1. At a Cα cut-off below 14 Å, give the aspartates and glutamates reachable from K162, other chains included and same-chain residues fewer than 8 away excluded.
2. Mind checking which aspartates and glutamates have their C-alpha under 16 Å from K283, skipping anything on the same chain fewer than 8 residues away?
3. Quick one: 3J(HN,Hα) in Hz for region 256-271, Karplus 6.51/-1.76/1.60 with θ = phi - 60°, rounded, Gly and Pro as x.
4. Could you check what % of the DSSP bridge pairs in the chain are antiparallel, to the nearest 5?
5. What whole-number distance in Å separates the alpha-carbon centres of region 60-126 and region 139-200?
6. Sort 237-246, 220-229 for me by packing, meaning the mean count of neighbouring Cβ atoms within 10 Å per residue, highest on top.
7. To the nearest 20 debye, what charge dipole does the chain have about its Cα centre, counting +1 at the Cβ of each Lys and Arg and -1 at the Cβ of each Asp and Glu?
8. Cβ under 12 Å from I78's Cβ, I78 left aside: what net charge do those residues give with Lys, Arg +1 and Asp, Glu -1?
Amino acid sequence: MRHIAIVGSGPAGYYTAEAAQKQWGDDVRVDVIDMLPVPYGLIRTGVAPDHQSIKAVSQRYEKTALTENVRFVGNVMIGRDISAKELKALYDAVVFATGAPNDRALGLPGEDLRNVFGSAAFVGWYNGHPQFADLDPDLSGRNAVVIGMGNVALDVARILSKTDSEFEGSDIVAHALDLLRNSRISTITIVGRRGPHQIMMTPKELSELMDLARASPRVDPADLPEPEEDAFLEPGVRKSVGLLRSFAAIPESERADKRIEIDFDMFASPVRFIGKNQVSALKIERTRVESGRAVGTGETYTIPADLVVSCIGYRSSPIPDVPFDERAGRFANDGGRIESGLYCVGWARRGPTGTIGTNRPDGFSVIEKIAEDFDTGAIANVPHEGRSGLDKLIAERGVDVVTFRDWKKIEEAEEQAARKGAPREKFVDVEAMIRARL
Ligand code: NAP
């Protein structure tokens with residue numbers, strides 16, 4: 001019997017569990033351990049609440065979770081309740097699928113001013129992550145600034161723009177909806193340090209800006225390269241640049257009835273945040289792109305900024321005794337292998353890139369590595385206790401485990417609490433989640 005522990009129950013975790021089942025069938029026992037009492041990681045607290053069709057992939061993870069040889073062990077934090085060393089001693093292989101939950105800092109003066117947030121915190125807030133439920137951003141100012149030209153920046157700009165009725169069918173949490181309802185934001189500036197050809201926003205997501213009820217995107221035609229230069233772009237980027245071109249061509253008459261402007265400020269690199277206690281402005285240096293890199297021109301200017309959300313990427317959380325690459329912000333690994341017996345997958349392995357689907361081949365490839373390590377004897381062929389050993393430790397320490405069956409009760413309570421037309425109203429604190437299973 002193989003005993004595998006997977007730490008993290010997001011997409012990378014469940015695809016790895018699925019791969020383990022395919023590899024060893026009835027000869028494997030997989031424990032999927034999560035620090036929260038609820039599964040699915042980024043699907044629950046990262047994917048935008050108005051992107052329910054993407055969230056539907058959790059049905060696939062549920063299938064895996066409900067099989068005999070896979071179990072969910074919620075509300076257990078590795079590195080706090082159980083150490084990585086203890087876990088390694090209990091299982092043949094431990095796979096960290098812990099994602100990249102921390103914001104990468106810009107490292108600029110004034111970054112700690114009030115109302116400057118990283119996207120992990122801000123997205124976590126509107127998605128009901130218990131860690132960020134109390135964020136309470138101030139949306140009473142007129143000017144929001146979103147830093148970065150990736151899909152997370154787009155998510156944030158779109159959520160800040162939508163009307164109440166555009167959130168119908170979403171699972172945005174009530175505390176966010178209440179604040180957004182009274183938001184006075186009228187300009188959302190998306191600040192990108194490079195130009196249109198370096199955009200990371202993908203076409204489908206970018207095109208959603210065209211359909212907003214009260215917001216309209218604006219691109220300065222002067223920022224766009226000559227159209228014939230687009231021919232050399234990779235097709236996806238070419239489509240995105242095509243959309244930027246169409247934003248630049250929106251006639252003023254069409255903008256007239258839109259209260260919010262989403263303004264792309266490209267070739268713009270943040271320099272410092274300005275404000276007394278709370279942010280009020282952002283100083284920016286104009287850039288040009290040389291050999292693909294943003295280079296400062298020395299020209300600076302300042303834009304008003306009552307709220308800033310920095311969407312420039314994420315870092316994984318280190319876990320004591322697990323080798324960590326500080327510079328890259330993820331576990332030190334070679335193609336998913338940290339050392340024999342310890343592995344990582346998904347964003348914890350490769351950093352915060354790719355779509356949900358990218359994690360599937362990732363999960364399968366880490367299981368191949370583990371199988372290889374069994375074959376070569378790199379994983380010692382000694383019996384491991386697996387889940388019975390974990391249960392003993394958990395009982396000794398009085399940790400209150402949440403099972404998958406418990407989760408289904410929590411889910412049912414969330415569905416019953418949903419406002420009209422919404423799939424669920426999430427619990428946003430751990431105690432409330434735990435109480436809901438009783
Ligand atoms: P991303 O796509 O890597 O974009 C990060 C952005 O931040 C880039 O524009 C980058 O500019 C900028 N940036 C980085 N460091 C900066 C700095 N010091 N100063 C100014 N700007 C800086 O990351 P993301 O938006 O966080 O998304 C993470 C992953 O999740 C991506 O693969 C994304 O596609 C995926 N995702 C997908 C969806 C969806 O499909 N609906 C939704 C959300 C996220 P440079 O390019 O110049 O470095």
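1. Straight-distance partners of K162: D50, D171, D178, E208, D211, E261.
2. Within the straight-line limit of under 16 Å, K283 reaches these aspartates and glutamates: E111, D112, D265, E299, D306.
3. 3, 8, 9, 7, 10, 10, 9, 9, 7, 10, 9, 6, 9, 10, x, 10
4. 35
5. Their Cα centres are 25 Å away from one another.
6. By packing density, highest mean first, the sequence is 237-246, 220-229.
7. Roughly 320 debye for the chain.
8. Value of the local net charge: -2.
Here, each number is a calculation from the coordinates, and none is a lab measurement. As the structure is a computational prediction, the values presented were derived from the model and not from experiment. Glycine gets a Cβ as well: all are built from the backbone with ideal geometry, and neighbour counts include every protein chain shown.
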